[in-house]
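K.L.:
Please see the structure below; I have some questions.
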Amino acid sequence: MRAPLQIGRQSGEAASPAVSSERLINGYLEQTPDGRSPVPVYGTPGLLAFADTFDIRACCTAARRLFVVTGTALCEVFADRSFTELGDIPAGVADMASDGTNVVVTVGGEIYVYDGTDVTPVTDEDAPAASSVEFLNGFYVFTEAGSEQFFISPQGNPGGDFDALDFDSADTSPDKLVRSRRVGRDLLLFGEESVEFWYYSGDSVFPINRYADTPLDVGLAGVRAEARSSETIFWIGSDKTVRRLDGRTGTRISTFAIEDAIKGWSDVSLTIGTAHVWQGHLFIVFRNPDGCIVWDQATQLWHERQSYNSDTWQVAHYAYAFGKHLYGGSKLYELGGYDEDGAVLPFEMVTPWLDNQGERFSVTEVEVRMEAGTGSLTLNPKISLSRTEDGEYFNTPLPRVFGKQGERFRTVKWGPQGQSRGCAFKLRITDPVKRVIYAAYAQVS
């Protein structure tokens with residue numbers, strides 16, 4: 001009997017691999033326009049070197065300018081891939097905001113301001129230790145480290161004299177603020193256990209006021225564990241769930257499997273969230289040193305990003321500038337291609353379980369339908385297949401070629417895969433070629 005073998009659509013590995021071992025690494029599902037089946041899985045883009053800045057710690061765009069904190073300096077990067085150092089920034093977790101002329105960076109509780117000429121620290125005693133910065137209607141909004149308070153800079157002059165009375169408190173819930181984040185004209189104040197909603201009122205005494213709404217009873221896991229799109233904001237909550245802001249509701253979009261993955265990270269507070277659109281898909285990326293999970297708003301499915309021989313993606317900080325999707329890690333990269341600046345970009349999927357209600361069966365052949373002939377005149381790319389019966393241990397991968405340039409009609413098949421009461425298959429591609437898998441079939445008896 002020839003049976004459809006469901007290809008891995010998402011990362012949904014359960015706490016027990018015997019329940020579900022499904023994974024999708026560096027790939028995403030693409031819904032067909034007319035709803036036809038099969039539904040293809042595409043490989044995610046690679047990384048192309050953009051600028052030789054190093055050790056990217058934060059990115060910020062404003063007024064078509066790109067600023068990055070790299071190493072121990074604030075730099076401006078230009079469309080011709082050159083960059084210039086603007087001034088020194090000390091080591092530590094950096095947060096930044098800009099109005100296109102001024103750039104403000106918080107690091108280690110200190111505030112640094114680039115005013116178009118120099119980078120200088122704010123030494124005003126009325127400017128408390130800052131844990132984050134956001135720009136709102138001419139003001140820079142800072143959360144005070146280890147407190148419920150937030151404060152603002154002088155309007156249009158973040159390096160000017162701070163007013164000791166220009167502060168307020170997010171004290172509806174008794175927790176400390178983690179960061180602020182603007183969404184439209186509203187300001188969200190993320191605490192360790194709650195989220196409050198404020199808005200710009202323009203009041204001459206203090207221009208930011210609280211809505212009467214009840215706060216959300218879930219906080220933010222880390223100062224950078226959030227991602228803002230043009231429509232809303234996404235964040236990893238204090239309860240290790242992933243939330244999307246829908247009006248005044250924090251809708252849970254994570255699955256149990258994704259939440260198990262987050263709980264497995266040694267320090268969730270180190271997570272960095274970003275959002276970018278690729279081929280019409282809005283991807284929400286949460287990158288942690290122990291893993292990288294991605295939510296696709298188009299399909300509402302999760303997948304993973306990994307660099308070669310790593311549990312996570314090598315880049316973390318994102319900016320859209322000069323018409324390009326840029327990500328920062330050891331250097332500044334542009335999304336594109338089929339490898340990562342010359343290093344292997346692995347594509348991997350593990351299928352859902354194939355079973356026969358506990359009865360033994362044999363798989364005599366596996367066939368994978370994919371876009372063949374994507375190699376070059378010399379490169380004949382390979383795809384490998386391996387099998388597991390427990391979701392943890394896979395047998396030796398068996399490679400098959402899927403075509404040099406122009407070999408469009410090649411089929412990819414594997415012979416007998418043995419007997420079992422249940423099994424799943426792993427497909428893996430490491431060659432730097434386009435990856436598209438349409439369907440898979442198993443001949444079962």
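K.L.:
Given points 7 Å out from each Cα along the Cα-Cβ axis, report the Asn157 to Ala212 separation in nanometres with one decimal.
P.N.:
Here the answer is 3.8 nm between the modelled labels.
K.L.:
Another question, if that's okay. Given a 1.4 Å probe, how much area per residue of the chain is accessible, in Å²?
P.N.:
Averaged over the residues of the chain, the accessible area is 43 Å².
K.L.:
Give me the net charge of Ile429's neighbourhood, meaning all other residues with Cβ under 9 Å from the Cβ of Ile429; Lys, Arg count +1, Asp, Glu -1.
P.N.:
+1
K.L.:
Continuing with the same structure: In nm², what is the average projected area of the convex hull enclosing the Cα atoms of the stretch 151-218?
P.N.:
For the Cα atoms of the stretch 151-218, the hull's average projected area reads 5.0 nm².
K.L.:
Would you please name the chymotrypsin sites (Phe, Trp or Tyr not before Pro) within the stretch 356-406 that are DSSP coil residues with at most 16 other C-beta atoms within 10 Å of their C-beta?
P.N.:
Tyr393
K.L.:
Tell me the net charge near Ser131. Cut-off is 13 Å between Cβ atoms, Ser131 excluded, with +1 for each Lys or Arg and -1 for each Asp or Glu.
P.N.:
-2
K.L.:
Restricting to lysines 8 or more places apart or on different chains, can you count the pairs in the chain with Cα atoms under 24 Å from each other?
P.N.:
Lysine pairs meeting the criterion: 14.
K.L.:
Here is a further query. How high is the relative contact order of the chain, given as a whole-number percent (alpha carbon pairs under 8 Å, six or more residues apart)?
P.N.:
The normalised contact order for the chain reaches 18 percent.
K.L.:
Moving on to the next point. If we count every other residue with Cβ under 9 angstrom of Phe197's Cβ, Lys/Arg +1 and Asp/Glu -1, where does the sum land?
P.N.:
The answer is -1.
K.L.:
When only alpha-carbon atoms count, how far does the stretch 1-138 stretch along each of its three principal axes, as whole angstroms with the largest first?
P.N.:
That gives 76, 38, 31 Å along the principal axes, largest extent first.
K.L.:
Run the accessible area of the chain with a 1.4 Å probe and give the carbon-and-sulfur part as a rounded percent.
P.N.:
Percent of accessible area from carbon and sulfur atoms in the chain: 46.
K.L.:
Ratio of the chain's C-alpha Rg to 2.2 N^0.38 Å, to two decimals?
P.N.:
Compactness ratio reported: 1.10.
K.L.:
Could you give me the percent of Cα pairs per 5 Å distance bin for the stretch 222-326, shortest bin first, beginning at zero and ending with the bin that holds the maximum distance?
P.N.:
Here the calculated profile for the stretch 222-326 is 2, 12, 24, 27, 20, 10, 3, 1, 0.
K.L.:
Next question. Stick to Cα atoms and the Kirkwood definition of Rh, then tell me Rg/Rh for the stretch 318-445.
P.N.:
Ratio of gyration radius to Kirkwood radius: 1.07.
K.L.:
At what distance in angstrom do the alpha carbon centres of the stretch 156-201 and the stretch 373-428 lie from each other?
P.N.:
Going from one Cα centre to the other spans 53 Å.
The values are calculated or read from the model by the stated rules, or taken from the named source; none is laboratory data. Keep in mind that this is a model prediction, so the values were computed, not measured. Using ideal geometry, Cβ is built from the backbone for each residue, glycine included, and neighbour counts are taken over all protein chains shown. For accessibility, only protein heavy atoms count, side chains too; no ligands or nucleic acids. Shrake-Rupley method; radii C 1.70, N 1.55, O 1.52, S 1.80 Å.
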